[in-house]
Amino acid sequence: MEIEQPPDKVWTYDDLEQFENDGRKYEIFDGELVVSPGPNLDHQCVIGRLHIALHTALQVPKLAEVLLSPFDVILSPTRVFQPDLLVVRWGRRRDAIASAVRSRLQI
C-alpha cells in the first residue's frame with residue numbers, strides 16, 4: 001500500500017488507526033508520518049536476546065517490567081512511536097499496562 005503524504009498534512013494517531021496491518025512500522029514524529037519496513041531476522045534475533053537479558057536483569061528481581069514490541073507509545077496525538085522494547089519501572093507497571101489495555105500503551 002503506497003501512502004500519499006500531502007506536504008502540509010499533520011498526521012495524528014487517528015490517521016494511524018485507519019491503516020491496515022501490512023507488516024510495516026508506522027510512527028509519527030511531530031506530525032510527520034514515517035514508514036519503515038518490517039524488521040529482518042538479524043534484528044529480531046538481537047531484540048530477542050536483549051529482551052531475555054533485560055528480563056533477567058530487571059524483571060526477575062522486580063525492578064522493571066520489560067515489554068516487547070509491537071505496541072504503540074502515544075506521547076501525544078502527533079507523537080506516536082513503536083519501540084522494539086520498553087522498560088517500565090516496577091512501581092509504574094500497573095498504570096502503564098492498564099493504559100495499554102485502554103489505548104495500546106499510552107504514556
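The numbers here are math on the coordinates, done by the rules we state, and not lab data. Keep in mind it's a predicted model, so treat the numbers as computed, not measured. Quick reminder, even Gly has a Cβ in these numbers, built from the backbone with ideal geometry, and neighbours come from all protein chains shown.
Computed quantities for the displayed model
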quantity: Qualifying residue in the stretch 8-24 (condition: closer than 23 Å to Leu75 by Cα, in contact (Cβ under 8 Å) with a residue 40 or more places away in the chain and in a strand (DSSP E or B)); calculated: no
quantity: Hey, Ile52 in contact with an Asp or Glu (Cβ under 8 Å, 6 or more places away or on another chain), closer than 22 Å to Val88 by Cα and assigned to a helix (DSSP H, G or I) or not; calculated: no
quantity: In the stretch 18-56, residue nearest to the chain's Cα centre (by Cα) [restricted to those that are within 16 Å of Leu85 (Cβ to Cβ) and aliphatic (A, V, I, L, M)]; calculated: Ile47
quantity: Residue identified as surrounded by fewer than 16 Cβ atoms within 10 Å (Cβ to Cβ) and in a strand (DSSP E or B) among Val46, Val34, Val66, Val88; calculated: Val34
quantity: Yes/no for Gly38 being farther than 25 Å from Arg93 by Cα and in contact with a Lys or Arg (Cβ under 8 Å, 6 or more places away or on another chain); calculated: yes
